[in-house]
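Colleague: My questions all concern the structure below.
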Amino acid sequence: MYWLAGLVVLQLALEETVCAFGPGMPSRPRKLSTLLALGLLAGLSIALCLAAWQVWAWVVPIAAYRFINLLRVYVARLPAPRLRTVTTGAFNWLIAAQVATVALAWAAWRFGFGMMVFDVFVGLQLLAALVLLRTTLHTWRHAAVPGKIETKLSDKELPSVSVLVPARNETDDLRRCLEAITTSDYPKLEVLVLDDCSANRRTPEVIRSFAHTGVRFLRGEVPDETRWLAKNFAYEQLAREASGDVLLFCGVDARLSPHSVRQLVCLLEARQKDMLSVLPLRIPTGERGGTLLQAMRYYWEICPPRRLFKRPPVLSTCWLIRRKALEHMGGFESVSRSVVPEAPLARQAVITDAYSFIRSDEHLGIYSDKPGIEQYGTSVRVRYPQLHRRLELVAVVATFELAFLLGPFIGLLLAAYLPHGTAYAAVWVVTLLCLAVTYGLVSTGTRLSSRGVGWLAMPVAFGVDLLVLHISLWKYEFSTVDWKGRNVCIPVMQVEPFAARPKRPGRASTS
């Protein structure tokens, strides 16, 4: 076993050297050293599992993320200083996690308290479900809008509102969105739609067809992809041209009722906030595809204890902000590379209690109608950046989902084969009921699914989310992430434009 331990030390030294110095090496020695480290890592993982699977089998998932980390050095898509920082940071965190896991597994195996560790783990599953349940109920209750909202302000005293819609290669969705917006009963309203360099010639035609209703057409400029995410630059151009005191941003999937703008402004004034973000309802006539992905996007905004991290929930379908507050925060220039620019703005506003997250109902009348393929594209586009593009955070979130969200389902299926299986099964049933309430509240409360289907689909939704998370990781690190025909890896990952893979002709874009 001494020779195996020696090989482990050698491999760790080589892996650390590759992460620290590989990004600055010429291509050939970098790739050869990385391949050697990858081969040793794979071979040693197998050898250690064969030697003592009770200990080393638990760290195989961590070894898989180390494998991905080395692949980042091999591909070298990022500038050398940035690549060195992210790979050495990930290596240190993953090794620390692996050492802790091996130490715990070895002690449990050597001294025979494995069942005690398992008991603690099952208890932690229940505790995590209870925390999620409490946080979900708290957020859901505080996001409620108390019926129809009135204001003491007269129509003349109400602030002017600019509804701003960025559009690229949109036709039918854009038409339905504008048909809904232009029925608004708000007295001081302007509607601006920006054609973001669409390849589809019908997009500007659709916008111009609403000119008789007062909709203004803006021709977008080509963004500098080394500095700007295209959507954020579209927001910047719209905000620059708008004249309203309040800026209301809508995606083309948003469907507003005639009274929605008035209700939002009244709520903004009644709560004395600078920014609001809306959790929309699913439009009754919308298609069913992609509801699992949409439900999980809402789930991660509502259910985690975000107050502990000072990261309020936020969504981009429909949100509004006072112009002066946006300018005070630095405008969109300050969030030019953020995949969800509303999130850092909300974090700034919540510090002074100037932000509210609200959920739509019949009185507010804000809906979303996004096709399944676009839901998939959006999930892939935002999932990895939401974790700050850090491999070690993906490992943490994936471990949490597998152990605490999917774990109780797996445990319940295997309870009959475990000692004290009845007691474990009882705990897992309670855990699953708590999780069912959290997921069911989100999926059925936003009308993404019926009550029965929503609860039964919960384990599938968790599994799909876990898969999409790793697809997002892989695409950002080793491929391209297309948004409306643009590779957002360039501004988000700060990948050099020449290092990005070219887009295949005829490939469908996602949103």
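Colleague: So which of 148/273; 148/310; 152/188; 188/273 end up more than 24 Å apart by C-alpha?
Modeller: 148/310
Colleague: Using the Cβ atoms and a cut-off under 12 Å, what net charge is assigned to the surroundings of residue 262, where Lys and Arg are +1 and Asp and Glu are -1?
Modeller: Taking every other residue near residue 262 into account, the sum is -2.
Colleague: Testing the spin-label approximation: label points 7 Å from Cα along Cα→Cβ at residue 107 and residue 410. State their distance in nm.
Modeller: 2.3
Colleague: May I ask you to order 384-395, 304-315, 366-377 by the average number of other C-beta atoms within 10 Å around their residues, highest value first?
Modeller: In descending order of packing, they fall as 366-377, 384-395, 304-315.
Colleague: So how far apart, in nm, are the two label points at residue 393 and residue 429 if each is 7 Å from Cα heading toward Cβ?
Modeller: Roughly 3.9 nm, to one decimal.
Colleague: How charged is the neighbourhood of residue 466? Take every other residue with its Cβ under 12 Å from the Cβ of residue 466, and add Lys/Arg as +1 and Asp/Glu as -1.
Modeller: So the surrounding residues net to -1.
Colleague: Based on the Kirkwood radius over alpha-carbon pairs, what value in µm²/s does the Stokes-Einstein equation return for the translational diffusion coefficient of the chain at 25 °C and 0.890 mPa s?
Modeller: Approximately 98 µm²/s, per Stokes-Einstein.
Colleague: Net charge around residue 407, counting only other residues with Cβ within less than 15 Å of its Cβ (Lys, Arg = +1; Asp, Glu = -1)?
Modeller: Neighbour charge sum, excluding residue 407 itself: -3.
Colleague: Provide the percentage of antiparallel DSSP beta bridges, counting only those with both residues in the chain; round to the nearest 5.
Modeller: The antiparallel proportion sits near 35 percent.
Colleague: Given the range 139-246, what whole percent of its Cα pairs are spread farther than 15 Å?
Modeller: Numbers: 3934 of 5778 pairs.
The proportion of pairs with Cα distances above 15 Å equals 68 percent.
Colleague: Moving on to the next point. Between the range 178-214 and the range 422-451, how many Å separate their Cα centres?
Modeller: When both Cα centres are located, 42 Å separates them.
Colleague: Give me the distance in nm between label points sitting 7 Å out from Cα along the Cα-to-Cβ direction at residue 85 and residue 120, one decimal.
Modeller: 3.6
Colleague: So, one more: Rounded, prolate or oblate, given the Cα gyration tensor of the range 427-469, with a/c below 1.5 counting as rounded?
Modeller: Judged from the Cα gyration tensor, the range 427-469 comes out oblate (a/c at least 1.5, b/c at or above a/b).
Colleague: Taking R0 as 30 Å, what FRET efficiency do you get between residue 130 and residue 47 from their Cβ-Cβ distance, rounded to the nearest 0.05?
Modeller: 0.15
Colleague: Same structure, new question: Looking at the range 215-357 only, what percent of DSSP beta bridges run antiparallel? Nearest 5 please.
Modeller: Among the beta bridges of the range 215-357, antiparallel pairing accounts for roughly 75 percent.
Colleague: Quick one: compute the contact order of the chain, relative version, from alpha carbon pairs under 8 angstrom and 6+ residues apart, as a percent.
Modeller: Answer for the chain is 17 percent.
Every read-out reported here was derived from the displayed coordinates using simple, explicitly stated rules and does not represent laboratory data. In this text, all values refer to a predicted model and were calculated from it rather than measured experimentally. Backbone-built Cβ (ideal geometry, glycine too); neighbour counts: all protein chains shown.
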